[in-house]
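Enquirer: The following block contains the structure, expressed as structure tokens.
The values are calculated or read from the model by the stated rules, or taken from the named source; none is laboratory data. Quick caveat: nothing in here was measured; it's all calculated off a predicted structure. Here Cβ is always computed from backbone atoms with ideal geometry, including for glycine, and neighbour counts include all displayed protein chains. Ligands, DNA and RNA are excluded from the accessible area calculation, which covers all protein heavy atoms including side chains. Shrake-Rupley method; radii C 1.70, N 1.55, O 1.52, S 1.80 Å.
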Amino acid sequence: MYINERMRRMARVKWEDDRTGFLRLDMNENPAGLPEEFVRGVCAQIDGGLLARYPDQTRLTAALSEREGVRPEQIALTNGSDEAIRGVLETFAGPGSRAVIVTPSFEMYRIYSEMLGVELVRVPFGEDLTLPLDVLKSEITPQTDLVILFNPNSPIGEAYTLEELRELLTACRQAGALAVIDEAYYPFGVSSAVKLLEEFPDLIVLRTFSKLYSLAGLRVGYALGNQEWIRCLQNGLATYNVNAVGLLFAEELLKRAHEYAFLEIMACPGGCIGGGGQPIGTDNALRQKRIDALYRLDASLPLRKSHENPEIKAIYERFFTAPLSHKAHELLHTHYQEQNTVSKIG
């Protein structure tokens, strides 16, 4: 019997416990969810016919095309941005390919790279939680196939300006590498790289409805890029990869985004703590403000330990020793050090 040895060797930790009554900060979910009025209104449109038919992606694709200012052929809808990540690595890399990524960042890039035999060059942030462009650019060589960027990055909060992105994308072009910019946390404090697609054809931008739009449970994402690269990406995707209910909710959110102020302030106070593109290590006041906001959500909120990630753990060990308000210190530091029940964000 054949088994992929890369799959056999992989070590993955998945959350399998009942999460009822717990808030996992490492997931960066909106703790309140979408307004009940909105949810009830969309659910009223769900009937047996919708559930019986295979999903139709044309309406959401058209809405995104108008919103993003690109042609429908430049958009691929995906089952969350996770499917887009795997699809990009499957399509534009392979066994022995070289991909450059900053670390810490979203762990699925490492996991999919291991699955596919892609060499992942991980460029770490510095002690001050910043990453000079020249350090990152030095790893972009003619042997590089993919360069993966995050704008902004989670959990660091580091973000790039459009001019910095142009500098990095120019380095990718000179090296002959495809650039991928993960905008899962757009628009929190950053400008989108979508406006750079025409200038840099070898660029793919990834988006999700899980963060700003609070649809993590319905798995809706999308990729934007030049028509040929999107066609290649779509060739590897399942035919009906996004479910009809997810499509409906995403369509309605785009139609009514102007009605809801929450779409501009959706960031969870405990998520992407650096926030707004500001590195966590350089803004103690913002960090304290966000943690105090978390405390005010519910002082009795039970928190539990999440999976281990040595790089994230090291960052938050330093985070917990920083000056915090008395209440935040009581909630986070004391529970982490003495009871070992607080969620390690990451």
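Enquirer: Being more than 24 Å from E66 (Cα to Cα) and open to solvent by less than 20 Å² (accessible area, probe 1.4 Å) is the filter; apply it to the range 176-198 and report the residue that is farthest from the chain's Cα centre (by Cα).
Expert: Residue satisfying both the conditions and the ranking: A177.
Enquirer: Taking the range 75-92 as the region of interest, how many residues are touching a Leu at 6+ places or on another chain (Cβ under 6 Å) and open to solvent by 20 Å² or more (accessible area, probe 1.4 Å)?
Expert: Here the count works out to 2.
Enquirer: Checking N241 against (1) open to solvent by 40 Å² or more (accessible area, probe 1.4 Å); (2) under 30 Å from A44 (Cα atoms); (3) not aliphatic (A, V, I, L, M): exactly one of these is not met. Which one?
Expert: (1)
Enquirer: Still on this structure, I have one more. Which one is least open to solvent (accessible area, probe 1.4 Å), of the residues in the range 138-175 that are among the charged types (D, E, K, R) and part of a loop (DSSP other than H, G, I, E, B)?
Expert: E158
Enquirer: Now, a different point. Just to check your reading of the model, which residue among V100, V39 is of a type outside the set (S, T, Y) and touching a residue at least 24 places away in the same chain (Cβ under 8 Å)?
Expert: Testing whether each residue is of a type outside the set (S, T, Y) and touching a residue at least 24 places away in the same chain (Cβ under 8 Å) leaves just V100.
Enquirer: Also: So, in the range 138-165, exactly how many residues are in contact (Cβ under 8 Å) with a residue 24 or more places away in the chain and more than 21 Å from the chain's Cα centre (by Cα)?
Expert: Number satisfying all stated conditions: 7.
Enquirer: Tell me which helices (runs of 4 or more DSSP H) are completely within the range 1-75 and hold 2 or more residues being touching a helix residue (DSSP H, G or I) at 6+ places or on another chain (Cβ under 6 Å), or say none if there are none.
Expert: 58-68
Enquirer: Can you tell me how many residues within the range 119-137 are free of Cβ contacts under 8 Å to residues at least 24 places away in the same chain, assigned to a helix (DSSP H, G or I) and in contact with a strand residue (DSSP E or B) (Cβ under 7 Å, 6 or more places away or on another chain)?
Expert: Result for the range 119-137: 1.
Enquirer: So S191 fits all but one of (1) more than 13 Å from I148 (Cβ to Cβ); (2) of a type outside the set (V, I, T); (3) in contact (Cβ under 8 Å) with a residue 60 or more places away in the chain; what number is the exception?
Expert: (3)
Enquirer: Residue by residue through the range 31-54, note down the ones that are within 19 Å of R256 (Cα to Cα) and either loosely packed, with under 10 Cβ neighbours inside 10 Å or of a type outside the set (V, I, T) (or both).
Expert: If the condition is that a residue be within 19 Å of R256 (Cα to Cα) and either loosely packed, with under 10 Cβ neighbours inside 10 Å or of a type outside the set (V, I, T) (or both), then A32, G33, L34, P35, E36, E37, F38, R40, G41, C43, A44, Q45 are the ones that fit.
Enquirer: Can you tell me which of R122, R231 is farther than 24 Å from R71 by Cβ and open to solvent by 40 Å² or more (accessible area, probe 1.4 Å)?
Expert: R122
Enquirer: Can we say R207 is within 28 Å of R231 (Cα to Cα), basic (K, R) and crowded, with 22+ Cβ neighbours inside 10 Å?
Expert: The answer is yes for R207.
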